[in-house]
Amino acid sequence: MTALIKKEVIEIVRTHRLWSIPALFLFLGLSAPATTWFLPAILESQLQGQDVLIKLPEPSEIEAFQAYFKNMIQIGMLAVILFSMGLISEEKSTGVLGMVVTKPVRRSALLLSKWLVHGSWLTSSLVLGAGSCYLYTLALFGEAHLARFALANLVFGVYMVLMFTLTIAASAIFSKPIGAGGAALSAFFTLSLLPSLSSWLRDTSPGALSNLAVTGVRETLSLADAIVPISSSVFLAALALIGAGLSFKRQEL
Amino acid sequence: MNAIVTRDLGKRFGSFPALTGLNISVPLGSVFGFLGPNGAGKTSVMRILTGLARPTSGEAEVLGYKVGLDTLEISRKIGYLPENPAFYGWMNAPEYLAFCADLFGLFGADRRSRLDYLLDFSGLAGNLRPTAHYSRGMRQRLGIAQALINDPELLLLDEPTSALDPLGRKEVLDMIANLSEEKTVFLSTHILEDVERVCDRVAMLNKGRGILEADLASLKADHIEPVFLIDIDGPIDGLISRLSSTEWVHEVTASERTVRVKVSDFDQAQIALPKIISELSLPLRQFKVGTPTLEEIFLRIMA
């Protein structure tokens, strides 16, 4: 397991994975407060000389944080899927994995090492994006509620790790990255739709976490609101990992 | 004891039978050539033995361990080179071999000396280019090196020389020949010349079925034709007319200075032919029994 973890860490350092996700999250973290802050000024300059009057409310740090989460839920999640869908399936399709598993390696350890290392790297990237968003918001608006933003990020982080887990599970099950990506995208859209189907699903399904993250920057989240969707996310992630592990173990490579 | 045993081993892909009822025994310490035309099922057998594929019927044992049940134990003791070895494109040869050494838990001086030996052997020492830029020959050499990282008891090599230049091919065959005293080598190839050079036992596969398993020497002995090739440094007309009227000569054919004599009594011909040449005072360049090559035997059996 140590050898596999070491290899995954070196792979991150030596490939585009080192900078691609952190750079994207950093961009999303900085662009949300910037666009929120500068939007009135941009609109004003565009409409100069025209007889149009648009009254915008004074931008606030809450809007900046909400814009950040909306971007992360759409662009950030798609990026997570795109960058994780080939983690195992690409190695299967190129034949690299076939040479590794004929050595004394448990396939479950292989799956777990990838989940641990790449999941940690994604989480670190989220901390980088969120940290940059908070500090830039504080610099522009002069105030920003740290505890609310941190809690909202924690809730979003759980949802992101769930999506990552579902994608890597699909990558272990499917033999081509495109299949894994398609399955992960379907799971993402399903999870996003579930909360709109019933009030029970709105409160309990993992998709509720994205709404909680957006509303959590306006008012402090209560643990009672978040605990059920967090638990269902952890349960679904564990189920996906176990299922993928069993399928991967039986696969012909 | 046998290094590999298969019993009624079968593999189907949907309704297509890739392998049907294969029974082979590979003795420990042998260099076993596994022959067959393309699509005969050789790679399927390799993949089953290494745990990459599962049989749909029958069973197999590798070094006394059940294939499919004792996968980890088997993987500790074997080295495997697939037909198309593939590596992490961002790693170079020393890094990939070090990664393989890590997977086998090698450490200390043993690890260092093993890595140095294999890098030297593969000719990739000091090559720090990523494997993504390697030629097919370089990938093949790295593939052989990684198969040897754990000093395996059994080497499974799928077409090990197919991508190598003549020098690389000679080095690999020499290596296999050297290993033959201490290890078992299971070699799948379509280059029959390679088999003839290093193998002591062969099995032939056709359309997923085992059609022959034998010692290479006895296989050749069984297929010896009662044919003699006589190479004369001079006119051969006299010899041809003399042989044509000899009772135990079945057929005489000639090309330039070589006379091919097919006989009905091999033992008698073996003694009488040199006498006839001597009586005719012909300058003899070569006199040999028409031993068939493995390729000739292979083609005859496949036909």
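The values are calculated or read from the model by the stated rules, or taken from the named source; none is laboratory data. Here the structure is a predicted model, which is why all the values come from computation and not from measurement. Cβ placement follows ideal geometry from the backbone for every residue including glycine, while neighbour counts extend to all protein chains displayed.
Residue by residue, here is whether (1) among the hydroxyl-bearing types (Ser, Thr, Tyr); (2) modelled with pLDDT under 95; (3) touching a Leu at 6+ places or on another chain (Cβ under 8 Å) holds:
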position: A:196; (1), (2), (3): yes, yes, no
position: A:207; (1), (2), (3): no, yes, yes
position: A:221; (1), (2), (3): no, yes, yes
position: A:233; (1), (2), (3): yes, no, yes
position: A:242; (1), (2), (3): no, no, no
position: A:247; (1), (2), (3): yes, no, no
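Check off (1) away from every other protein chain (no Cβ under 13 Å); (2) touching a residue at least 24 places away in the same chain (Cβ under 8 Å); (3) farther than 14 Å from residue B:154 by Cα for residue B:53 and give me the number that stays unchecked.
All conditions are met except number (1).
Looking at (1) modelled with pLDDT of 85 or more; (2) closer than 30 Å to residue B:195 by Cβ, can you tell me which one residue B:238 breaks?
(2)
Could you tell me whether any residue of the stretch A:121-137 is in contact (Cβ under 8 Å) with a residue 12 or more places away in the chain and under 30 Å from residue B:104 (Cβ atoms)?
For the stretch A:121-137, residues in contact (Cβ under 8 Å) with a residue 12 or more places away in the chain and under 30 Å from residue B:104 (Cβ atoms): present.
Tell me, which residue of the stretch B:21-50 that is in a loop (DSSP other than H, G, I, E, B) and more than 14 Å from the chain's Cα centre (by Cα) is surrounded by the fewest Cβ atoms within 10 Å (Cβ to Cβ)? Outline the logic, then answer.
Kept after step one, since they are in a loop (DSSP other than H, G, I, E, B), are these residues of the stretch B:21-50: B:28-30, B:36-41, B:50.
Keeping just the survivors that are more than 14 Å from the chain's Cα centre (by Cα) gives B:28-29, B:38-41, B:50.
On the way: B:28: 14, B:29: 15, B:38: 7, B:39: 12, B:40: 24, B:41: 24, B:50: 24.
Top of the filtered list is B:38.
Contact list please: Cβ distance under 8 Å, first residue in the stretch B:32-49 and closer than 21 Å to residue A:99 by Cα, second residue part of a loop (DSSP other than H, G, I, E, B) and of a type in the set (Lys, Arg), pairs at least six apart or on different chains.
As it stands, the answer is B:41/B:207; B:48/B:54, since those pairs meet every condition given.
Could you list, in sequence order, all residues of the stretch B:1-43 that are within 14 Å of another protein chain (Cβ to nearest Cβ) and in contact with a Gly (Cβ under 8 Å, 6 or more places away or on another chain)? Full working, then the answer.
Of the residues in the stretch B:1-43, the ones within 14 Å of another protein chain (Cβ to nearest Cβ) are B:11-14, B:18-19, B:43.
The answer is B:11, B:18, B:19.
What tally of residues in the stretch B:72-95 results from selecting those that are assigned to a helix (DSSP H, G or I), over 27 Å from the mean Cα position of the chain (by Cα) and more than 9 Å from chain A (Cβ to nearest Cβ)?
1
Part of a helix (DSSP H, G or I) and of a type in the set (Val, Ile, Thr), is that true of residue B:149? Step through it out loud before you land on a result.
Numbers: part of a helix (DSSP H, G or I): no; of a type in the set (Val, Ile, Thr): yes.
So residue B:149 fails the test.
Working only within the stretch A:231-253, note down all residues that are within 14 Å of another protein chain (Cβ to nearest Cβ) and either among the basic types (Lys, Arg) or assigned to a helix (DSSP H, G or I) (or both). Reasoning before the result, please.
Taking the stretch A:231-253 and keeping what is within 14 Å of another protein chain (Cβ to nearest Cβ), we get A:247-253.
Matches in the stretch A:231-253: A:247, A:248, A:249, A:250.
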